[in-house]
Amino acid sequence: MRPLAVVAVSVALPVALVLRIQNALLYPPQWGFDAAFSWQYIESLRQAWHLPAPDAGWSAADPPLYYALVALLMRIADAPALAPWLNLLFGLGIAALAFRLVRRLAPADASRAWLAAGLVLYLPAHVHMSAMVNKEMLASFCTAAAIAWVADPARAREERRPARRRAIAAGVASGLSLLTKLSGLVTAVACGAAYAFDARKRRDALARGALCCALAAAIGGWFFARNRIEYGYFQPHGLSAHRLMFGMPPGERALADYLRFPLATFTDPQLLNPSLLRSVWGSTYASVWFDAHRYFLPTRSAAVSRLGEWTLVLALLPTAAFLAGMAAAARRLLRGDGDSDAPLLALVALTLAGFALFTWENPWFAVVKGTSLLGLCVPYAVYASESLCAWMRRDRTEATCIGVVLAALALCVVAGTLFHGVFVRTESPGLVWETPRISP
C-alpha cells in the first residue's frame, strides 16, 4: 500500500469505530425503526420463550432469530442497553467479510480491500442500523457470510470435500438469514444460482447447490411452514396489527413511481416530499445515503437539508462506481468467466426485484427504507472498489479528485450520522405524516 493509503486507512477506520461506539452509547434503544415493536417481541420471548401468533403484534409475524438472541442476552446479562452492541458487531462483521472477499479476489491489491471495507463502514444506512434494535443487521450479516463463501474464487476449483464444506457453510448462513428475515430466501436462491452456473464445468456442482438450498430450507424454512400449518399462510399480509400503516401516503403505487428520480432526491431528502412519495428509487437512494426518515437528524433544519444535498451529490461517485462494476461483471459472466460474479449479480437482481415487489404490495412511504438493501453490502463493496481503484490508477489528477470526493463524502456521512454530534434531534423520531386534528 502507498503511504497516503496507509494514512487514510489509519484515520478512517478509527473514526468509523468511534462513530459507532458513540451511537451505541447515546442512541435511545426505543428509537429505531419499529424498535418499540421489536422490544415487545423480545420481551415476550424473554418471559415465556414461546413464539407469539403472527397477529399478536407488529413484529410478531417476523422470523424469531434476532429477537431470540436479544432475549437470551437479556436473560444472561439482564441489560437491555447491550442489545444495540449486537448490531454494531454484526455491522463490523459485514465490513470484515467484504474485506476478506476482495482480498481473495485481488490478492495483490491490499488497498482495494481496505477501500471495500471503508465503503461499507461509511454507508449511512449501515451506520444507522448499527445503532438500532432491529433484525436488519443480523439478516445482512448472514447474507454477507453466505455470499462471501460462495463468491470466493476457490469455489470453482476446490476438491470434493472442501467444496462440500463450503456449500454446507453457505447453506447454514442462508438458513440463518431466512430465520431472521424473509429476504433470506433471496440469499439461498442466489447461492443456488452460483452452483447452477458452475454446473457447466463441474458435474457435482448441482448436488452442492441442492445441499446448500436444502440446508437453508431446513434451518430457516420451518418457521414459515409452522405459519402455514397453524395459521394458513406462509407470510401474512394486511394484518390488523399493521393498520397504522394503512393510512400512510401515498397509499397506492403506479409503474411511473419506479421510473421517476426527481430533483427533490437531492434538494429535499425527506420522504414526505410530494415528489419523493411518488419515486421509489429516489426515496431509496435518499434513505441509503441520508437520514431521509429523520430518525437521527432534526426534521426542520436548513443546515440538515444542505448537508443532505451535499451528501447525496457526493454519493453519486460510489454509486456510479457500483453500477460500472456490475456492468463489467455482467460482461465477464456473459463470457463465461464470472465464477465469483454469478452469486453477487444474482443477489443484486433478486434483492432489487423483491424490494420492488414489496413496495408495490405495501404502498406506504415508511416501508421504502434503504436499510432493507443492506444485504447488498458485499456486492456493493466488491464492485464499487473495483471501479474506483481502476479509475484512480488511470491518472494522478483523476486519483486526486476521487480521493477528495470520497474524503468529503466521509465527512458528510460522519456529520449526518453521529447522534447528538453536529446536530441534535430533540423531537421524537420519524416524520409526522398525519394531518394534525384541530379541536373545535
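The values are calculated or read from the model by the stated rules, or taken from the named source; none is laboratory data. Predicted model, so just to flag it, every value in this text is computed and none were measured. Note that we place each Cβ from the backbone using ideal geometry, even for glycine, and neighbour counts take in every protein chain shown.
Quick rundown of the values:
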| read-out | value |
| --- | --- |
| Counted residues, the stretch 212-241 - those being assigned to a helix (DSSP H, G or I) and touching a Lys or Arg at 6+ places or on another chain (Cβ under 7 Å) | 0 |
| Test: residue in the stretch 117-124 that is farther than 22 Å from A286 by Cα, buried (at least 24 other Cβ atoms within 10 Å of the Cβ) and among the β-branched types (V, I, T) | no |
| Of residues in the stretch 190-200 being touching a helix residue (DSSP H, G or I) at 6+ places or on another chain (Cβ under 7 Å) and surrounded by fewer than 17 Cβ atoms within 10 Å (Cβ to Cβ), the one farthest from L344 (Cα to Cα) | A199 |
| Any hit, the stretch 189-199, residues being among the aromatic types (F, W, Y) and at pLDDT 95 or above | no |
| Selected residue (only one of A210, A214 is surrounded by 13 or more Cβ atoms within 10 Å (Cβ to Cβ) and free of Cβ contacts under 8 Å to residues at least 40 places away in the same chain) | A210 |
| Any hit, the stretch 335-345, residues being over 21 Å from T267 (Cα atoms), of a type in the set (D, E) and part of a loop (DSSP other than H, G, I, E, B) | yes |
| Identity of the residue in the stretch 248-270, out of contact with any Gly (no Cβ under 9 Å at 6 or more places or on another chain) and among the small types (G, A, S), that ends up modelled with the lowest pLDDT | G251 |
| Within the stretch 313-341, tally of residues that are at pLDDT below 95 and of a type in the set (A, V, I, L, M) | 2 |
| Any pair with Cβ under 8 angstrom, 6 or more apart, that starts in the stretch 263-286 at a residue that is closer than 11 Å to V368 by Cα and ends at one that is outside any helix (DSSP H, G or I) and of a type in the set (V, I, T) | L271/V368; V280/V368; S283/V368; T284/V368 |
| Subset of the stretch 236-260 [exposed (fewer than 13 other Cβ atoms within 10 Å of the Cβ) and touching a Phe, Trp or Tyr at 6+ places or on another chain (Cβ under 9 Å)] | G238, L244, F246, G247, G251, L259 |
| Which numbered condition P440 fails, given (1) buried (at least 18 other Cβ atoms within 10 Å of the Cβ); (2) at pLDDT below 95 | (1) |
| Exclusive hit being crowded, with 18+ Cβ neighbours inside 10 Å and either β-branched (V, I, T) or out of contact with any Pro (no Cβ under 7 Å at 6 or more places or on another chain) (or both), set V404, V422, V348, V432 | V348 |
| Hits in the stretch 357-366 - residues which are surrounded by 16 or more Cβ atoms within 10 Å (Cβ to Cβ) and either part of a helix (DSSP H, G or I) or among the acidic types (D, E) (or both) | T359, F365, A366 |
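To keep it simple, each residue is scored yes or no on (1) of a type in the set (V, I, T); (2) part of a loop (DSSP other than H, G, I, E, B); (3) under 24 Å from the mean Cα position of the chain (by Cα).
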residue: M392; (1), (2), (3): no, no, no
residue: T400; (1), (2), (3): yes, no, no
residue: G403; (1), (2), (3): no, no, no
residue: A408; (1), (2), (3): no, no, yes
residue: A415; (1), (2), (3): no, no, yes
residue: F419; (1), (2), (3): no, yes, yes
residue: V432; (1), (2), (3): yes, yes, no
